[in-house]
Structures are given as C-alpha cells and as structure tokens.
Amino acid sequence: MALVELKGIVKRFGGVVALDGVDLTLVPGETHALLGENGAGKSTLIRVMTGAVVPDEGSITVGGTPCRFTHPAQASAAGIAAVYQEPMIYPHLSVLENIFAGAEMTGRFGIVRRGAMAAVVRPLLEQLDLPASLLVRRMSSLSIGFQQMVLITKALMLNAQVIIFDEPTSILSQAETDRLFVIIERLRRDGRAIVYITHRLDEIRRIASRVTVLTDGRVSGTALTSDLDEAKLLTLMAGKASRDYGKPLRDRAAPAHGTPALRMAGLTRAGAYQNVDWDVPAGQVTGVYGLVGSGRSEVALAAFGALRPERGTIALQGRPIAPRDPAEAMRLGIGYLPEDRKLQGIFATKPLEANLTAGTIGRFRARGGRLDFAGLRGEALRLIGYYRIKARDETIGIGTLSGGNQQKALFARWAGQSLKVLILDEPTRGIDIGTKAEIHDFIRDLAAGGLAVVVISSDLPEVLAVSDRIIVMRRGSVVGVAEGAAMNAEAILASAVGADARAA
Amino acid sequence: MHASGFDRTRPLLLAAMAVLALAGFAIGHPDILSGANFDSMAVFGVEIGMIALGQTLVISGGDSGIDLSVGAIAGLAQVVLGRLLHADVAWPLAVAVTLGAGLGLGAINALAVTWLRIAPIIATLATLFGYAGLALVLSGGTNIDLTQQSSWFLALGQGRVLGLPFQLIALYLPLLAMFAFLQHGTGYGRALYLTGTNDRAAALAGLRVGRLRGAAYVLCGLTATIAGIVGAARLGTARPDAGMNDNLISIAIVVLGGTGIFGGTGSVVGTALATVVIAIVDYGLSYNDFNPIYQAGVIGVILIGVILVENPVLAWRARRFK
C-alpha cells in the first residue's frame, strides 16, 4: 500500500522544464534513494513534496487522499518532513526552540510551555540516542551532524510519516554518517517512508532498497537496489557510459626530488592543528585526506594567509614566507579554492564574468585607470570555453547556473591564473559525476603543466583518483603520507579514522 | 544587470517621478517652472547631493556600511574653514587645509570600521557626536561670519558659470562624473561591488576588503567636506550645526536612488536622480506654501511610494525577459 503517490508531476520555471511527468511511489518501511545529476530535478521534486513549490500538472496522494500543497505547512501537516544538507535553523535559539519553531505549545496568555515541550521531546531524543541536555544548547554550538539530528527530532515530533533526506552526508564525518545511517534504518523499521538523495553510489547499497534515477526532469529508471550494479547505475545517471571511477586517471608521477614548491614545517595553531608538515612538490597532485574537523582546511588557509599559524614555517620554493592576507599570498603565487561555494566562493548576484575575473581585476587596467572591459570579457570567454562552463553568455548571473557550473567557474577563476601552488579545498563537493570527472581531468592537466596542486577532500575515491601522493590528517595532525603502492583505500581510511597504525 | 551592478529600472522611475512632481507643482503655481526657481532647486540640491555621492559608496560596500557622521563632518569643516579664514589664512590654503581635515575625519571613520571592527552604525554614530561636539568647541557655539571674506571664496557658493550656479557646474557635476566613473569604470568600483556582495568570497579571491571599504569612508568624508565648504560660501557664514539634517537625508536619498542597503548594488546615477526628486519636492512644497513640518514626512512617503511602484515594474520586466 503506497503511502505517498506522485503522478505525472510537471513543473516549469519560465521556459525550463524542471520536472517532466515524474511518477514516484513511496511505501512505508522502505528507503527510497533518489539519484540524478545536478539539474536533473531532484531538488524541485523535494520542494514539490514539501509544499515549497506548486506543480503545474500532476497529482499527489497521501494515504489515498488527494492533496494539493500550496504551502509548506500543509505538507508538514500531512506528515511529510525534510532534512536538508545544510539544516535551515535559527542559530541563536536553543535546540528546544528550534524543534518547536512555529509549533510552540502555549498556555494561557500565549505563554510558551517549555516544560511541556521538553516532556514531549525527551522520549524522542531517547529514541535517537541523543542526550536530553541537548535541548538547552544553542543550535549554533552544534556540529552539522547534530543539527541534522535535531531536524530529525523535529520530524518525529510532528509525527512525520515521510522523511526526506537531501544529501545529508556530504558534509558529515564518517562517524556522523554511520550514526545517521543507523537512525535512518531505525526510522524505516518503524514503518516510515524514507527518501534519500545522494551523489554517493556506495551509500545507496548501504541504505536503500529501491532506487529511482532522474535525468533531465524525467524518471529514467526505478529498480530494487539488489538488481543493480554500479556500472548500470552510472549509465542510468549519466545517460552515457561512465569512466571506471575510483581508478587512477593515469600513471602516477615519479616521486619528486629537490625542493618542494611549498613546504610547511611544524605548523601549529592551538585548537586547529599541531606540528603539521606538508611537502607539496611541483608537477604533482598532493592529496590531503581527512575527515571534517581534521584541520586540513585550516592548514591550507595558513599557507593562503587567511588564518595565521602560531608557530612553524612556510617556505615557497625554499624561500620562507609569512603571508598576512590572501592578497599577499596570491602575489607570491599561492591560490586557494575555498570549500564552501556559496559562502566563500561565488558572488551570487553578479555576472559570470565578474566571478571569473574577481581574482585578477588588477591586471585589467586600460588607460586613465579605466577597467579594460574588453580584456575582461575576453578572459571570461576564454575560461568559459576552455573549462566548458555551460552558460548562455558571460553576462548571466552566476547564481542562475547549476551547482556544477558554478563550481567549474570558481575552479576556472583559480586555474586560469599563473600560480606556483594551487590548493583546492573540496573541489567537487556536491556536484554531479560528469562535472566531477571533468574537473579531475583539469586538475591532472594543471599538475602536468608543472603546477604544485593540493587537493583536499573527504571523498576517498576522489583523493585516490587524482593524487600522486596523499597526506592523511586526523585531529589536527598528519598521521600518514602514502605514496605508490601504499596508496590503497583501506590503509588510508584506517589511518584517517585512527583504526590502525599501518599506514603511518 | 550590468557587470558593475547598474540597473536602469530605478533611474527611469526616478526621472519619471521628477517630471511628475514638477508637473504637479506647476498645476498649483505655473510660475514654478521659471529659471530662477530651477536655480534655487539646484542650489538646494547640490550640497546634499554631494554628500549622497560619498554615502552611496559607503553603503554599496556592504557589511551594513553607513556613515551617520556626514552632516557633522560638513559642520566641522565649516568651522575649521571659518577659523582659518579668521586667522587670515589665504582662502585657497584654508580650503585646502579644510579638505585635508575632511579626509582625516573620513579616515577616522574608516579606521574605526575596518581596523577596530566597530559596526559602522555605532562607529559613525560615535563620530557624529564627536565631530559635532568638536565643531561646537572650536566655534564657541556661535556662527562665524564670512561675508567679509574674499569674493573669490564666496563665489564657491554664490558664483555663476554659463549662467548657472557655480557649484552645480564646476563642482557637483564633475564630482558626479568622477564618482560614476569610479563606480562603473574602474577596478576599485568593481572590487567594491564584489566586496559588498560577499565579503568572505572577496577576501578569499584576494581583494583587500578592509582597504576597499576604508577608501569609501574617506571619500565620503571628502564629499561631506566639500558640501560644507560650498554651504559656508553660499550663506557667508560657518555654522557648527550646518549639516545636522544631512545625516539621515543623505541615506534616504541613497536608498531612494536604488542602492541596496545590504551592499553590492546601486549607482551614483540613481543617487543623483533621487537628489533631483528630493530637491524638486522640497522646493515645490515650500513654493506651494506647504507647512514645512510636513516636508520630512513627504520624503518618507516618496521612499515607500517608489518601492511600491517599482516592484510590479520589476515583476513585469522579469516576465518579459524570461
């Protein structure tokens, strides 16, 4: 018996058809994975289910009753809840206040009844193995993993029968992911219908019993997980034969000799990292693998002048440096692609051209201090062409592009400059497989051209695929450096999570 | 949208508004459409218009950028100028020193905001009181008479060029052109827009966010000082409280002109047109013997009115160009 049935859902945005007749059936006690490239329509489909978007055509039935959601509150009342990748929360309020936001229990004179609310939530927290002391914590003091747990608690409080997870693990550590999977499995066994959206194929096998693949707003296939192998899934998703993902892209470079392009030694910043040594040779890709919170980004930001270390030395081509800000680091020849695209990367309302050239404005000066607009446009068009950024033209706002193309644009902003060292922090997070593979090729090209490239990632197959050597970090320290035959998934994962000392 | 954030909806709307307002007042008093009256409007608008140019840069730099001290700077500039002139300093030198002092006052705001990292509204509220207090101390709380000064100096606010007010032709319009060029034509303008849009991304793209914003405060101090000097020359007197109404009106004009209060958008062209609207309305109301008490309220009504008219226009355009 279907709990939720979507039939023939069509949604157009202007001339773009986001959803083109999508059918989806959700059954109680089943985890249903939703796969698809960026722009395939997954987000729109979720927003239809949660009432944030009203479909142009098609019907939604919940428990046999036809529904028409025009407001999120209606979907929520019908028992549909969503847990987003980056939980939308009220950071300054307590966990309890977040859980009951918009649904406060009130007594006489509208006074909020904290005690009663806490009493309702406590058994739910217990169900999720969360301590009751969590309720009084400020939401902003929690890690993203716990914030998601709070949203799950809220969904349980609202007695949601359908819980949608939108790429929940993309910024979680391994331990947090494992814990989330245990919880999802428990929710499923309680008879709820789970929708799980992800880019990570390995997760599907771990958690989902049924998979639906979306391509260009249409369902290109639905199958039981047990009937699918990885190659078949990839073919469905990309709509084309996919590369053998997870294998090295080409022969690894020979171990480098001589002075590394970038050398950091004994770098320490209390609370972030201690005694970190990184050697980054030119002409190679150095992978840095570690879970979120392992201090990898902070070390990179030290080299980029954005977060100064307390002790230790940084040397560029053998010369000691101490960049005070990113502008100075860039002048020295160091680039850094930040990990958070929206917050640290794009200028959402500005044209693609301005986004591509943001780091090099100073070079486009015409007579009389005027910006060389023709030069800027030419550079933008060159980058758009070379990195195959899909955009109508260079004047379009970057915010209107798909996530993958935004990321390509940011990558191009850095890759297009002449640098000595380029640090890429999560260069492919949250983007589709096709774009990911393209960026991996570009990264290899940069190294082949003599650049010293660092790829920081929490995606192990990615690190293995692009790197010549791998630095493994855990809790602010380097716990292993792998080269050649030592670069295997088990050993690296083991040292990153501290399960084993073999890789060290 | 233009690469540097120029959008033409608001300027067109403001131009239409200026014509409508003028037509409306002309129904009551057709003789408002005389050269002498336009002259008076221009003279009234020029000073606040200059201040609004600098304010536009500050606000578009983002991070709740705002300069509440502009009026106090204008008043303090008048007092400094008055004291110098009374100490028999040659007027060109006195003007130059005053301009330098204005840059310094702007630099204090810049340092408070970018170096000490005090929220702009608090930092410039503090300097508003500081500068205004200093102006009172320096002037002894009284106006300084300048009517006996060199007629060359007084021409800064009373002279005529090509039959039009000197300060409009020789000061305001060149300043407007320079600021428009700075905003839309130079790397500084582009960098300031990017900073206003997303300062974290700007810093990580290698832009010196603090310097970019700091420069906006310094330039704002400069335009406020020029406005103060023009005002002193126009009235032949230096008043410590000369610019007290300008603090908030300059912000209203910038916002009316289409500069987003969150930064990263807007243009001094819009600010200039908003200045025209305000000048016409203010002068027109007085001319039609409107009680001046209501005039402040009218500015508020105009602000809200523009937003209410603009939203449907933008929606219509979005539909048409989808």
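FYI, it's all coordinate maths here, none of it is from the lab. Keep in mind that what you see is a predicted model, and the values were worked out from it rather than measured. Cβ atoms come from the backbone with ideal geometry, glycine included; neighbour counts cover every protein chain shown.
Taking amide H atoms as placed 1.01 Å from N in the peptide plane, list the residues 5 or more away in sequence, or in a different chain, whose amide H sits under 5 Å from that of A:ARG469.
A:VAL285, A:GLY287
Residues with amide H under 5 Å of A:THR215's amide H, sequence separation 5 or more or different chain, H placed in the peptide plane at 1.01 Å from N; which?
The list, which skips near neighbours in sequence, is A:SER220.
What is the spread of the Cα atoms of the range B:165-289 along each of their three principal axes, largest first, in whole Å?
Result for the range B:165-289: principal-axis Cα extents of 54, 28, 26 Å.
When Rg is the radius of gyration of the Cα atoms in the range A:286-370 and Rh is its Kirkwood radius, what does Rg/Rh come to? Don't jump to the answer; show the numbers that get you there.
Values: Rg = 15.6 Å, Rh = 15.1 Å.
With Rh from the inverse mean 1/r over Cα pairs, Rg/Rh is 1.03.
Could you point to the residue in B:LEU111, A:ALA2, A:LEU422 farthest towards the positive end of the protein assembly as shown's charge dipole, with +1 and -1 charges on the Cβ of Lys/Arg and Asp/Glu respectively?
The residue sitting most towards the positive pole is A:LEU422.
At 37 °C and 0.692 mPa s, what whole-number value in µm²/s does Stokes-Einstein give for the translational diffusion of the range A:4-238, with Rh from the Kirkwood sum over Cα pairs?
Rounded, D is 178 µm²/s.
Calculate the length of the line joining the C-alpha centroid of the range B:151-191 to that of the range A:215-230, in whole Å.
66 Å
Using Cα pairs under 8 angstrom and six or more residues apart, how large is the relative contact order of chain A, in percent?
Contact order relative to length: 15 percent.
Read phi for every residue in the range A:304-315 and hand back ³J(HN,Hα) as whole Hz from Karplus 6.51 cos²θ - 1.76 cosθ + 1.60, θ = phi - 60°, with x for Gly and Pro.
8, x, 8, 8, 6, x, 8, 9, x, 10, 10, 10
I'd like the FRET efficiency for A:ALA2 and B:MET178, computed as 1/(1 + (r/R0)^6) with the beta carbon distance as r and R0 of 56 Å, rounded to 0.05.
0.25
Between the range A:308-342 and the range A:1-64, what's the alpha-carbon centroid distance in Å?
If you average the Cα positions of each part, the centres end up 46 Å apart.
Tell me, what are the semi-axes, in whole angstrom and largest first, of the equivalent ellipsoid of chain B as set by the roots of 5 times the Cα gyration tensor eigenvalues?
30, 27, 16
Hey, which of these cross-link pairs are over 30 Å Cα-Cα: A:LYS42/A:LYS420; A:LYS154/A:LYS390; A:LYS154/A:LYS350; A:LYS342/A:LYS420; A:LYS390/A:LYS420; A:LYS42/A:LYS436? Intermediate results must be reported in sequence, preceding the final value.
Working: A:LYS42/A:LYS420 39 Å; A:LYS154/A:LYS390 39 Å; A:LYS154/A:LYS350 36 Å; A:LYS342/A:LYS420 26 Å; A:LYS390/A:LYS420 28 Å; A:LYS42/A:LYS436 18 Å.
Distance filter (> 30 Å) returns A:LYS42/A:LYS420; A:LYS154/A:LYS390; A:LYS154/A:LYS350.
Run through the range A:389-447 and list the trypsin sites (Lys or Arg not before Pro) located in a DSSP loop whose Cβ has at most 13 other Cβ atoms within 10 Å.
Listed in order of number, the matching sites are A:LYS390, A:ARG392.
A:ALA77 versus B:ASN288, label points 7 Å from Cα toward the beta carbon: distance in nm?
That separation, rounded to one decimal, is 4.9 nm.
What FRET efficiency would be calculated for the residue pair A:VAL182, A:CYS67, taking the C-beta separation as r and a Förster radius of 30 Å, to the nearest 0.05?
Working: r = 31 Å, r/R0 = 1.05.
Approximately 0.45, to the nearest 0.05.
How many nm is it between the label spots at A:GLU328 and A:THR313, if each spot is 7 Å from the Cα in line with the beta carbon?
Result for the modelled spin labels: 1.8 nm.
Please enumerate, by chain and number, the aspartates and glutamates with C-alpha under 13 Å from the C-alpha of A:LYS7, excluding those fewer than 8 residues away in the same chain.
A:ASP20, A:ASP23, A:ASP56, A:GLU57
Please list the non-local residues whose amide H lies under 5 Å from the amide H of A:GLY58, H modeled 1.01 Å from N, same-chain partners needing a gap of 5 or more.
Result for A:GLY58 returns A:VAL10.
Suppose we look only past 29 Å in the calculated P(r) of the range A:262-497. What percent of the Cα-Cα pairs does that tail hold?
27 percent
Just to verify a number: FRET efficiency for A:PHE109 and A:VAL27, C-beta to C-beta distance, R0 = 56 Å, to 0.05?
Values: r = 45 Å, r/R0 = 0.81.
After rounding, the FRET efficiency stands at 0.80.
Please report, in cubic angstrom per residue, the volume enclosed by the convex hull of the alpha-carbon atoms of chain A.
Dividing the Cα hull volume of chain A by its residues yields 178 Å³.
Could I have the simple spin-label model distance between A:LEU158 and A:ARG12, label points 7 Å from Cα toward Cβ, reported in nm to one decimal?
3.1 nm
In whole Hz, what ³J(HN,Hα) sequence does the range B:256-269 give by Karplus (6.51, -1.76, 1.60; θ = phi - 60°), x for Gly and Pro?
4, x, x, 7, x, 5, 8, x, x, 9, x, 8, 5, 5
Output ³J(HN,Hα) for the range A:425-439: one whole-Hz value per residue in order, computed from phi by the Karplus curve 6.51 cos²θ - 1.76 cosθ + 1.60 with θ = phi - 60°, and x for Gly and Pro.
With coefficients 6.51, -1.76 and 1.60, one gets 9, 6, x, 10, 5, x, 10, 6, 4, x, 5, 4, 4, 4, 4 Hz.
With an 8 Å cut-off on Cα pairs and a minimum separation of 6 or more residues, tell me the relative contact order of the range A:4-238 in percent.
30 percent
For Cα pairs less than 8 Å apart in space and 6+ apart in sequence, what is the mean separation divided by the residue count of the range A:425-504, i.e. the relative contact order in percent?
So the answer I get is 20 percent.
Express in nm, to one decimal, how much length is gained between B:SER34 and B:TRP316 on full extension, taking 0.36 nm for each residue of separation and deducting their alpha carbon distance.
97.8 nm
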